[in-house]
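Participant: Before I ask anything, here is the structure I am working with.
The values are calculated or read from the model by the stated rules, or taken from the named source; none is laboratory data. The model shown is predicted, which means the values in this text are computed figures rather than measured ones. Quick reminder, even Gly has a Cβ in these numbers, built from the backbone with ideal geometry, and neighbours come from all protein chains shown.
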């Protein structure tokens, strides 16, 4: 089993580069910051690109990070659950 991680840190300048890695991938882990709405909103863009380029059968795991900053949360748990 070979596992390869590509961390783009959600930066748009890496978006076109990262699409070249989509083909042949069997799974993706998408991470958003629960204290940053823009971070969460970009998840849908990434998911659409993944399904378009890697196919509908690919597995996607969605993770909300910075859970230690619950008092600063701007993305409700229900929104994350709905997208997942």
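Participant: Quick check on my filter: what residues within the stretch 37-52 are surrounded by fewer than 16 Cβ atoms within 10 Å (Cβ to Cβ), modelled with pLDDT of 90 or more and touching a helix residue (DSSP H, G or I) at 6+ places or on another chain (Cβ under 9 Å)?
Facilitator: none
Participant: Could you go through the stretch 23-32 and let me know if any residue there is more than 11 Å from the chain's Cα centre (by Cα), surrounded by 11 or more Cβ atoms within 10 Å (Cβ to Cβ) and farther than 16 Å from residue 7 by Cα.
Facilitator: The answer is no, given that none of the residues of the stretch 23-32 is more than 11 Å from the chain's Cα centre (by Cα), surrounded by 11 or more Cβ atoms within 10 Å (Cβ to Cβ) and farther than 16 Å from residue 7 by Cα.
Participant: Under the condition of being surrounded by 15 or more Cβ atoms within 10 Å (Cβ to Cβ) and touching a residue at least 40 places away in the same chain (Cβ under 8 Å), which residue from the stretch 53-82 is nearest to residue 6 (Cα to Cα)?
Facilitator: Filtering first and then ranking leaves 80.
Participant: Also, I was wondering about something else. Kindly establish whether residue 14 is surrounded by 11 or more Cβ atoms within 10 Å (Cβ to Cβ) and modelled with pLDDT under 85. Steps first, answer last, please.
Facilitator: Values: surrounded by 11 or more Cβ atoms within 10 Å (Cβ to Cβ): yes; modelled with pLDDT under 85: yes.
Yes; evaluated as a whole, the condition is true for this residue.
Participant: Could you list, in sequence order, the residues of the stretch 36-47 that are without any contact (Cβ under 8 Å) to a residue 40 or more places away in the chain and farther than 25 Å from residue 2 by Cα?
Facilitator: 36, 37, 38, 39, 41, 42, 44, 45 - these are the residues of the stretch 36-47 that are without any contact (Cβ under 8 Å) to a residue 40 or more places away in the chain and farther than 25 Å from residue 2 by Cα.
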